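Enquirer: What follows is a single structure, and I will ask about it in a moment.
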Amino acid sequence: MARPVVGIIGNSYLMNDQYPTHAGGTMNSEAVSNVSDCLPLLIPADPRYVAVDELLEVCDGFLLTGGRPNVHPEEYGEPATEAHGEFDRARDAITLPLIRACAERGQPFFGICRGFQEVNVALGGTLYPEIRDLPGRQNHRMPPDGTLEEKFALRHVVSLTEGGVFHRLLGAAEVMTNTLHGQGIKTLGENVVIDGHAPDGTPEAIYVEDAPGFTLSVQWHPEWDAANDPVSRPLFKEFGRAVYDWKNAKTVGAIRQSA
């Protein structure tokens, strides 16, 4: 039987400074294929080429990846400033309604970094444009120099809610994570629950309360070394189980309709 399909949300990227592409990190596909045991499918996140309704039918779950462009602040009612950085309005146009549809349907999604922020914005929340400019906050951005191993190295603790969703899944009240982001949650979207914080109070783990499916999202990058990292591996395995459950339920429903 074919594996369930996980749509990996791609980012617009200019190759060689002139050739437009849709790109997705290899480590995302590796984590989905090797840890979640699902078929990775890169999605060109642009409404000129794909529609949310089509994606919901073709894919069984979605990985909302990180990316350099940020969610445009107009999506949460604020003007753009230089601090907000680069944008990808085409991706906004796909991911935000996709998240709302998945949360309502129970179709699994896993948000990472920008994807974590998209979940909050899609459900009515807002973002800080630059965490490091806030009093008492650390610099959560990726180190500008060094190897990939150094940039994705574990850099701070995330404290999880005692007895919460992440605590139960990961089996620990504190976990070590990498950190490669500039923005962060300001106000929470509807039914968005913060389930983990960095030492400076920055939200790092969320889920959508009362949503019927998998909605876990993290501000760090668990796709790095996902097969070996003790925090990343259970997250992608649980996501994979949720995607398999969705595919199986969809198959059973189709069989019943045809009977």
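Enquirer: Of these, 36, 12, which one is among the polar types (S, T, N, Q) and either over 30 Å from residue 133 (Cβ atoms) or out of contact with any helix residue (DSSP H, G or I) (no Cβ under 7 Å at 6 or more places or on another chain) (or both)? Write out each step before concluding.
Expert: Working: 12 fails: either over 30 Å from residue 133 (Cβ atoms) or out of contact with any helix residue (DSSP H, G or I) (no Cβ under 7 Å at 6 or more places or on another chain) (or both).
Exactly one residue qualifies, and that residue is 36.
Enquirer: Check residue 110 against each of (1) surrounded by 19 or more Cβ atoms within 10 Å (Cβ to Cβ); (2) on the phi > 0 side of the Ramachandran plot; (3) of a type outside the set (Lys, Arg) and name the one condition it does not meet.
Expert: (2)
Enquirer: Please verify whether region 176-187 includes one or more residues that are open to solvent by 40 Å² or more (accessible area, probe 1.4 Å), in a loop (DSSP other than H, G, I, E, B) and either farther than 23 Å from residue 245 by Cα or of a type in the set (Asp, Glu) (or both).
Expert: Our first condition is that a residue be open to solvent by 40 Å² or more (accessible area, probe 1.4 Å); within region 176-187, this holds for 176, 186-187.
Filter once more, keeping what is in a loop (DSSP other than H, G, I, E, B): none.
So far as region 176-187 goes, no, none of its residues is open to solvent by 40 Å² or more (accessible area, probe 1.4 Å), in a loop (DSSP other than H, G, I, E, B) and either farther than 23 Å from residue 245 by Cα or of a type in the set (Asp, Glu) (or both).
Enquirer: Checking the structure you have, find out if any residue of region 204-213 is among the acidic types (Asp, Glu), open to solvent by 10 Å² or more (accessible area, probe 1.4 Å), on the phi > 0 side of the Ramachandran plot and assigned to a loop (DSSP other than H, G, I, E, B). Lay out the reasoning, then the answer.
Expert: Start the filter on region 204-213 by keeping residues that are among the acidic types (Asp, Glu), which leaves 204, 209-210.
From what is left, the residues that are open to solvent by 10 Å² or more (accessible area, probe 1.4 Å) are 209-210.
Next, only the ones that are on the phi > 0 side of the Ramachandran plot stay: 210.
In the following step, the residues that additionally are assigned to a loop (DSSP other than H, G, I, E, B) were identified as 210.
So far as region 204-213 goes, yes, one or more of its residues are among the acidic types (Asp, Glu), open to solvent by 10 Å² or more (accessible area, probe 1.4 Å), on the phi > 0 side of the Ramachandran plot and assigned to a loop (DSSP other than H, G, I, E, B).
Enquirer: Here is a follow-up. Does region 216-230 hold any residues that are touching a helix residue (DSSP H, G or I) at 6+ places or on another chain (Cβ under 6 Å), in a loop (DSSP other than H, G, I, E, B) and open to solvent by less than 30 Å² (accessible area, probe 1.4 Å), and which are they?
Expert: 219, 222, 223, 226
Enquirer: Related question: For region 113-162, how many residues meet the condition of being within 24 Å of residue 45 (Cβ to Cβ), open to solvent by less than 30 Å² (accessible area, probe 1.4 Å) and in a strand (DSSP E or B)?
Expert: Here the count works out to 2.
Enquirer: Moving on to the next point. Report those strands (runs of 3 or more DSSP E) wholly inside region 1-102 carrying at least 2 residues which are surrounded by 18 or more Cβ atoms within 10 Å (Cβ to Cβ) and in contact (Cβ under 8 Å) with a residue 40 or more places away in the chain.
Expert: Details: elements: 5-9, 11-15, 19-23, 39-43, 61-64.
It comes to 5-9, 11-15, 61-64.
Enquirer: Which of the residues that make up region 189-202 are part of a strand (DSSP E or B) and either open to solvent by 10 Å² or more (accessible area, probe 1.4 Å) or touching a residue at least 40 places away in the same chain (Cβ under 8 Å) (or both)? I'd like the intermediate steps shown before the answer.
Expert: Step one: of region 189-202, the residues part of a strand (DSSP E or B) are 192-197.
Passing the criteria: 192, 193, 194, 197.
Enquirer: If we keep just the residues of region 140-194 that are touching an Asp or Glu at 6+ places or on another chain (Cβ under 8 Å) and at pLDDT below 95, which is nearest to residue 128 (Cα to Cα)?
Expert: By that ranking, first place goes to 183.
Condition check ((1) at pLDDT below 95; (2) over 17 Å from residue 68 (Cβ atoms); (3) touching a Cys at 6+ places or on another chain (Cβ under 8 Å)) across all residues:
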{"position": "87", "(1), (2), (3)": "yes, no, no"}
{"position": "95", "(1), (2), (3)": "no, no, no"}
{"position": "99", "(1), (2), (3)": "no, yes, no"}
{"position": "104", "(1), (2), (3)": "no, yes, no"}
{"position": "110", "(1), (2), (3)": "no, yes, no"}
{"position": "115", "(1), (2), (3)": "no, no, no"}
{"position": "119", "(1), (2), (3)": "no, yes, no"}
{"position": "127", "(1), (2), (3)": "no, no, no"}
{"position": "135", "(1), (2), (3)": "yes, yes, no"}
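Enquirer: Please work out if residue 75 is modelled with pLDDT of 90 or more and of a type in the set (Asp, Glu).
Expert: yes
Enquirer: Every residue in region 63-91 that is among the small types (Gly, Ala, Ser) and either closer than 18 Å to residue 179 by Cα or in contact with a strand residue (DSSP E or B) (Cβ under 6 Å, 6 or more places away or on another chain) (or both), please. Full working, then the answer.
Expert: Taking region 63-91 and keeping what is among the small types (Gly, Ala, Ser), we get 66-67, 77, 80, 83, 85, 90.
Of everything in region 63-91, those that are among the small types (Gly, Ala, Ser) and either closer than 18 Å to residue 179 by Cα or in contact with a strand residue (DSSP E or B) (Cβ under 6 Å, 6 or more places away or on another chain) (or both) turn out to be 66, 67, 85.
Enquirer: Can you tell me which of (1) on the phi < 0 side of the Ramachandran plot; (2) more than 17 Å from the chain's Cα centre (by Cα) is the one residue 163 doesn't meet?
Expert: Of (1) on the phi < 0 side of the Ramachandran plot; (2) more than 17 Å from the chain's Cα centre (by Cα), only one is false for residue 163: (1).
The values are calculated or read from the model by the stated rules, or taken from the named source; none is laboratory data. Quantities reported herein were computed from a predicted structural model and do not represent experimental measurements. Note that each Cβ is placed from the backbone with ideal geometry, even for glycine, and that neighbours are counted across all protein chains shown. Side chains included, ligands, DNA and RNA excluded: accessible areas come from the protein's heavy atoms. Shrake-Rupley method; radii C 1.70, N 1.55, O 1.52, S 1.80 Å.
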